[in-house]
Every structure is written in C-alpha cells, then in structure tokens.
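The structure under discussion appears below in the form of structure tokens.
The values are calculated or read from the model by the stated rules, or taken from the named source; none is laboratory data. Since we're looking at a predicted model, the values are computed, not measured. Neighbour counts run over all protein chains shown; Cβ positions are idealised from the backbone, glycine included.
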Amino acid sequence: METARPESPDMPERTAKVSRDTLETQITVSMNLDGQGRFVADTGVPFLEHMLEQIARHGLIDLDILAKGDLHIDEHHTVEDLGITLGQAFARALGDKRGIRRYGHAYVPLDEALSRVAIDFSGRPGLFMDVEFTRAAIGRLDTQLFWEFFQGFVNHAQVTLHIDNLKGFNAHHQVETIFKAFGRALRMAVERDPRMAGQMPSTKGSL
C-alpha cells in the first residue's frame, strides 16, 4: 500500500474553511484548491448550486458549501453572501500568493452561447461584467443576482475579474458558460508555476 508523503514546506496545503454568520445568512465554505473537483452543497438555491458545481468541476477545486438564508424573502442575501464567503475562502487558501500563475482566462462555448472570463489575483477588487441576459429570471432566480455574487467574490478575494458573454440567446446557456469559464480561469490563475519556485508573481514584491 502506498503511504502518503509528508507535506513539503515548499508545497503547503492550500485549503480553507470560512464561515459567515449574519442575521440574514449562515454559510460555511470549505475548499481545497488542489482537489479533484469534488462538490457537495446545500444552499436552498438549486440553480446556483448547479453553477457552483461548474466552478468545482472545471476548476478542479474541492468545494463543500452549506448555506441557510432568508429565502422566504428572496435569494438576494444568500447569493451575495455565498460570493463573499467563497471569495474569503480563496483569499485564505492562497495566502500570500507566492508561486501561483496569478492570471487566468478562458473561453467556453455551450451550443449558441459563448463567454469569456479573465481574472487577476491582483490584490485589487474590480468587477467588469458585460452580460445582457435574455431573461430576467431562470426559474425563480433573478439573473441580476449573478452580478451580486461576483461582486461579493471580487471584493473579498481581492481580484480583478472581467466577464463577457459574447453571444447567446438561451439564458441558462449564458450563465453556464460564464461559470464554466470562471472555473477554468480560476484553475489557471491559482495553479502553481514550477518556474516561480515560491516567488511573488509581481514586480512590487507583494499582492
């Protein structure tokens, strides 16, 4: 039987567990950036869970998410706070960001839809989202809430994020291509670059 190798000091485990507890939501996110794409979630918002699974699967990130929110009002607080907590988990798991590629991008098609996502773990929050959803809601989920999710994420992960839906008339396809591209871009950006050997990916010396 193969025994597990001890963790190398040069390759620390990149995991995090973050909880957010407010009068509106109670959320816990656990992640492993060097996972296999395993996903477990219970949020009360099924379509968002379907999208979060795209992040895990295409980002090869293990994600466990538990959320209880004031869904009797609407999904706004739950969706926004999930973005916040996910961003906090990324920031904690990455630490000082030494050795990562820092930048990531992806184009993802799904039938008639095509989206592009580019991300920079810059330490500066900025969301630039150019998406004209063809429907106001998918099921009961307001499509405006995807902007709230990503705004929460960038503010707390401290990233610059560009999201562009280049084409598409099926709103489900529009959103799914965005989240798949987001997962792929994250995978690229947080990947360890063997040539960086623990160096800071910035001429400033910090991010």
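Which of the residues belonging to the stretch 154-204 are farther than 17 Å from residue 143 by Cα and surrounded by fewer than 16 Cβ atoms within 10 Å (Cβ to Cβ)? Result: 193, 194, 195, 196, 197, 198, 199, 202, 203, 204.
Could we say that residue 107 is touching a Leu at 6+ places or on another chain (Cβ under 7 Å), within 30 Å of residue 197 (Cα to Cα) and touching a residue at least 60 places away in the same chain (Cβ under 8 Å) here? Judged against the criteria, residue 107 is a match.
For residue 104, are the conditions met, namely being in a strand (DSSP E or B) and in contact with a helix residue (DSSP H, G or I) (Cβ under 6 Å, 6 or more places away or on another chain)?
Judged against the criteria, residue 104 is a match.
Residue check: is residue 69 touching a helix residue (DSSP H, G or I) at 6+ places or on another chain (Cβ under 6 Å), crowded, with 16+ Cβ neighbours inside 10 Å, more than 24 Å from residue 174 (Cα to Cα) and not hydrophobic (A, V, I, L, M, F, W, C)? Yes, satisfied. Against the numbered list (1) surrounded by fewer than 16 Cβ atoms within 10 Å (Cβ to Cβ); (2) touching a Lys or Arg at 6+ places or on another chain (Cβ under 6 Å); (3) under 22 Å from residue 99 (Cβ atoms), residue 26 comes up short only at (3). Consider residue 85 carefully, then state whether it is more than 18 Å from residue 178 (Cβ to Cβ), of a type in the set (Ser, Thr, Tyr) and either at pLDDT below 95 or over 14 Å from the mean Cα position of the chain (by Cα) (or both). Against the criterion (more than 18 Å from residue 178 (Cβ to Cβ), of a type in the set (Ser, Thr, Tyr) and either at pLDDT below 95 or over 14 Å from the mean Cα position of the chain (by Cα) (or both)), residue 85 does not qualify.
In the stretch 110-168, the qualifying residues are those that are of a type in the set (A, V, I, L, M, F, W, C) and part of a helix (DSSP H, G or I), and the one that is farthest from the chain's Cα centre (by Cα) is 145. If the requirement is being among the acidic types (Asp, Glu) and under 21 Å from residue 45 (Cα atoms), which of these qualifies: 111, 130, 74, 120? After applying the criteria, what remains is 74.
Residue by residue, here is whether (1) over 18 Å from residue 152 (Cα atoms); (2) of a type in the set (Lys, Arg); (3) free of Cβ contacts under 8 Å to residues at least 40 places away in the same chain holds:
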{"position": "23", "(1), (2), (3)": "no, no, yes"}
{"position": "28", "(1), (2), (3)": "no, no, no"}
{"position": "39", "(1), (2), (3)": "yes, no, yes"}
{"position": "96", "(1), (2), (3)": "yes, no, no"}
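Determine whether residue 62 is over 13 Å from the mean Cα position of the chain (by Cα), acidic (Asp, Glu) and surrounded by fewer than 20 Cβ atoms within 10 Å (Cβ to Cβ). Spelling it out, it is not the case that residue 62 is over 13 Å from the mean Cα position of the chain (by Cα), acidic (Asp, Glu) and surrounded by fewer than 20 Cβ atoms within 10 Å (Cβ to Cβ).
The rows are residues; the columns are (1) modelled with pLDDT under 95; (2) under 30 Å from residue 139 (Cα atoms); (3) touching a Ser or Thr at 6+ places or on another chain (Cβ under 9 Å).
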| residue | (1), (2), (3) |
| --- | --- |
| 4 | yes, no, no |
| 27 | no, yes, yes |
| 30 | no, yes, yes |
| 38 | no, yes, no |
| 47 | no, yes, no |
| 69 | no, yes, yes |
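Within the stretch 179-195, the set of residues being over 15 Å from residue 108 (Cβ atoms), part of a helix (DSSP H, G or I) and not aliphatic (A, V, I, L, M) is empty.
I'd like to know if the stretch 80-92 contains one or more residues that are small (Gly, Ala, Ser), closer than 17 Å to residue 159 by Cβ, touching a residue at least 24 places away in the same chain (Cβ under 8 Å) and surrounded by fewer than 19 Cβ atoms within 10 Å (Cβ to Cβ). So far as the stretch 80-92 goes, yes, one or more of its residues are small (Gly, Ala, Ser), closer than 17 Å to residue 159 by Cβ, touching a residue at least 24 places away in the same chain (Cβ under 8 Å) and surrounded by fewer than 19 Cβ atoms within 10 Å (Cβ to Cβ).
All of 143, 177 fail the test of being within 16 Å of residue 49 (Cα to Cα), in contact (Cβ under 8 Å) with a residue 60 or more places away in the chain and among the hydroxyl-bearing types (Ser, Thr, Tyr), apart from 177.
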